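Written below as structure tokens is the structure these notes are about.
The values are calculated or read from the model by the stated rules, or taken from the named source; none is laboratory data. Fair warning: this is a prediction, and the values are worked out from it, not measured in the lab. We place every Cβ from the backbone using ideal geometry, glycine too, and count neighbours over all the protein chains shown.
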Amino acid sequence: MMRRALLLAMLTAPALAQQVLYQPLPPAGSAYLRIANGTGEPLRVGALNPGTLTTGMLTLGTGTAQRISPYAVQLEVAGRPVALALSAGAARGEASLPLQPGSFNTLVVLATGAALRVVPLVDETQFNQTRARLTFYNATANCAGGGLALDPAGQAVFADVAPGAARMRSVNPVSAQVRVGCDAARSPAFALGGLEAGGQYSIWLMAPAGQPIGFVTRDTTAPWTR
């Protein structure tokens, strides 16, 4: 019975296939949520109403490896929004997120003056054992025409991704130097390396200080414990 349940989980949530194989499965009716800090300050995320954020208080930094949280299980989301209180420096904000059971979600948080703006995205979950999955996020407020290109050749991997939008594709697991950018602005080059067949990765375009920065993270999921 347990083996059957694990196989069903791999089919219904392929983005977690490699990670959940030997982990306890969350209850039916759960969803997955991660937070992306697109501000220039450390971001604190807490529950606006007790019990609506399964992960409790969360703090995300401003280093590239610190800006993205793992996906975390949110329980019993049907008909019950996840209500968040947000703060980054002097900026404050709130969010109420309706999540669909079984879905994977990314919440991008951006600063606009003294307020925090949130951009909820429902993530695609296609999985290919022989290729690496890349999802490009234009995690900016107004950086139009976001994209990712090989450096120095300039060949586009992603192009014309609007602010607050994401796009996914599968690629052969190779290494390359790349840049993100929008309009005429480009980030410094960074390595897109270490890709593995079956791996899932996110590429981020952010502009916390007005100029584009880019980095890549591997999609991870916080272990679920009963």
query: Quick one: in region 176-188, which of the residues that are within 21 Å of the chain's Cα centre (by Cα) and under 17 Å from T135 (Cα atoms) is surrounded by the most Cβ atoms within 10 Å (Cβ to Cβ)?
result: V180
task: Could you check, for region 197-204, whether at least one of its residues is free of Cβ contacts under 8 Å to residues at least 40 places away in the same chain and surrounded by fewer than 16 Cβ atoms within 10 Å (Cβ to Cβ)?
output: no
- request: Can you confirm whether region 91-111 contains a residue that is hydroxyl-bearing (S, T, Y) and more than 24 Å from D219 (Cα to Cα)?
  value: no
message: With the condition being among the β-branched types (V, I, T) and surrounded by 14 or more Cβ atoms within 10 Å (Cβ to Cβ), I'd like the strands (runs of 3 or more DSSP E) fully within region 22-116 carrying at least 2 qualifying residues.
response: 104-112
- prompt: What single numbered condition from (1) buried (at least 21 other Cβ atoms within 10 Å of the Cβ); (2) in contact with a strand residue (DSSP E or B) (Cβ under 6 Å, 6 or more places away or on another chain) fails to hold for A207?
  reply: (2)
message: Give me the residue from region 117-151 that is assigned to a loop (DSSP other than H, G, I, E, B) and at pLDDT 95 or above and, out of that set, surrounded by the fewest Cβ atoms within 10 Å (Cβ to Cβ).
response: T130
query: Quick one: in region 163-175, which of the residues that are in a loop (DSSP other than H, G, I, E, B) and under 16 Å from the mean Cα position of the chain (by Cα) is surrounded by the fewest Cβ atoms within 10 Å (Cβ to Cβ)?
result: A165
query: Would a scan of region 144-154 turn up a residue that is free of Cβ contacts under 8 Å to residues at least 60 places away in the same chain, within 19 Å of the chain's Cα centre (by Cα) and more than 17 Å from D219 (Cβ to Cβ)?
result: yes
